[in-house]
Amino acid sequence: MTASANLAAPGLTGRLVVGIGGTTRPGSSSELAVRTVLDVTARAGAETAHFGGAFLSSLPLYAPENPDRTPAQRELVEAVRRADAVVIGSPGYHGGVSGLVKNALDLLEDLRDDTRVYFDGRAVGCVVTAAGWQACGTTLAALRSVVHAMRGWPTPLGVTLNSRTATLFGPDGQCADPAARDVLHALGTQLVQFTAAMSAAPALSAV
């Protein structure tokens, strides 16, 4: 996990945005895409935490019948518990969410008994990278369905990046494609706007 904070900027000061995404390959496009979105929220004042591919690879397979948790599993669950917004990035493997990312999302079943269950009340940005538009589309639909099932609010914009059509990221990890950079920044902006609006909204009593 890597964390960064920019407390000088207004907007999301004191808020936490958690990123989940990556592959077993260091510096994968899905990992760098999540990091790019997190950078946008950090510039708005948010604290950010990114659980990338290396971290996700260290998680044991989620077993619902086993209540024991490793320190890494507890770290992820506690970060999402505290989060005010989430961004999830997955490669499109055979038209669906990767097992690495899905295993991390399955672990968040530990939030089922929270007052703010799963992703409830939080904006969730979804990013998919794939070597073809078909896998991009089907994986994004699957990822957004998972977010809905976990009571999150998928941002209106969902990002799909086709690695066959452009060099998405340079050796320095920065987004090298202007169109990809623009859409990732737009997604980050939506996360900022939604989180700020939710923070300012008055609490409603249950009826």
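The values are calculated or read from the model by the stated rules, or taken from the named source; none is laboratory data. Computed from a predicted model, the values in this text were never measured in an experiment. Neighbour counts run over all protein chains shown; Cβ positions are idealised from the backbone, glycine included.
Here region 16-27 is the region considered, the condition is being surrounded by fewer than 22 Cβ atoms within 10 Å (Cβ to Cβ) and touching a residue at least 40 places away in the same chain (Cβ under 8 Å), and the residue that is nearest to the chain's Cα centre (by Cα) is Leu16.
Reported count of residues in region 28-45, each being assigned to a loop (DSSP other than H, G, I, E, B) and modelled with pLDDT of 95 or more, is 0. Take Arg74 and tell me if it is basic (Lys, Arg), in contact (Cβ under 8 Å) with a residue 24 or more places away in the chain and surrounded by fewer than 23 Cβ atoms within 10 Å (Cβ to Cβ). No, not satisfied. So which of Val80, Val117 ends up being modelled with pLDDT of 95 or more and crowded, with 20+ Cβ neighbours inside 10 Å? Being modelled with pLDDT of 95 or more and crowded, with 20+ Cβ neighbours inside 10 Å holds for just one of Val80, Val117, which is Val80.
Take the conditions (1) touching a strand residue (DSSP E or B) at 6+ places or on another chain (Cβ under 7 Å); (2) modelled with pLDDT of 95 or more; (3) of a type in the set (Ser, Thr, Tyr); Ser4 misses just one of them, which is (2).
Across region 128-165, the number of residues qualifying as aromatic (Phe, Trp, Tyr) and either closer than 19 Å to Ala186 by Cα or surrounded by 17 or more Cβ atoms within 10 Å (Cβ to Cβ) (or both) comes to 1.
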